[in-house]
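These notes are about the structure you will find just below.
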Amino acid sequence: MLRDEAQAVDAMQDTFVQVLRYKASLDDQAPGSLLYRIATNVCLNRIRSRARRPEDAAEDLLVRIADQRDDEGRIGAGRVLDRLFSRFQTSTRTIAMLHLVDGLTLEEVAAEVGLSVSGVRKRLRSLKAGLAELEGV
């Protein structure tokens, strides 16, 4: 449904988080059907969210920076990131690392840094906007 393996893995993890979160109120008569329904809803919600907030160039640029492998690319990326993060709170760097590099979901990042999911989203949006401004995207 998501047409992206990384997003599918995130959706799978979110499915099991939902199961754990609501385990007391779930009916275990048909666990396969229950998992399928929850997974479908998680995927549909992700598709809806993606339609409301389509991927932008700054997101792609952040991922490319996080994925630099050669020394020259890392040095250049480091300079851009130093300029970028100097504009934001230190915790924003932590949020970016957890989500973009370590691959944690927004919910996991929020729990780790003690913010709400919307707070994490807001920080990431601000970060992307700052990066777009720096790079002229």
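The values are calculated or read from the model by the stated rules, or taken from the named source; none is laboratory data. In this text the structure is predicted, and so the values were computed from the model without any measurement. Neighbour counts run over all protein chains shown; Cβ positions are idealised from the backbone, glycine included.
Pairs meeting the criteria (first residue in region 113-127 and within 13 Å of Ala96 (Cβ to Cβ), second residue among the hydrophobic types (A, V, I, L, M, F, W, C) and not in a helix (DSSP H, G or I), beta carbons under 8 Å, at least 6 apart or on different chains) are Arg123/Phe88; Arg123/Leu115; Ser126/Phe88; Leu127/Phe88. Among the residues of region 1-40, those that are part of a helix (DSSP H, G or I) and among the charged types (D, E, K, R) comprise Glu5, Asp10, Asp14, Arg21, Lys23, Arg37. Can we say Glu135 is modelled with pLDDT of 85 or more, surrounded by 13 or more Cβ atoms within 10 Å (Cβ to Cβ) and of a type in the set (Asp, Glu)? The answer is no for Glu135.
Note on region 1-17: residues that are under 17 Å from Val109 (Cβ atoms) and surrounded by 15 or more Cβ atoms within 10 Å (Cβ to Cβ) amount to 6.
Just one of the numbered conditions (1) surrounded by fewer than 13 Cβ atoms within 10 Å (Cβ to Cβ); (2) within 14 Å of the chain's Cα centre (by Cα); (3) at pLDDT 85 or above is not true of Arg53: (3). From the list Glu5, Glu72, Glu59, the one residue that fits, being among the charged types (D, E, K, R) and either under 13 Å from the mean Cα position of the chain (by Cα) or modelled with pLDDT of 85 or more (or both), is Glu59.
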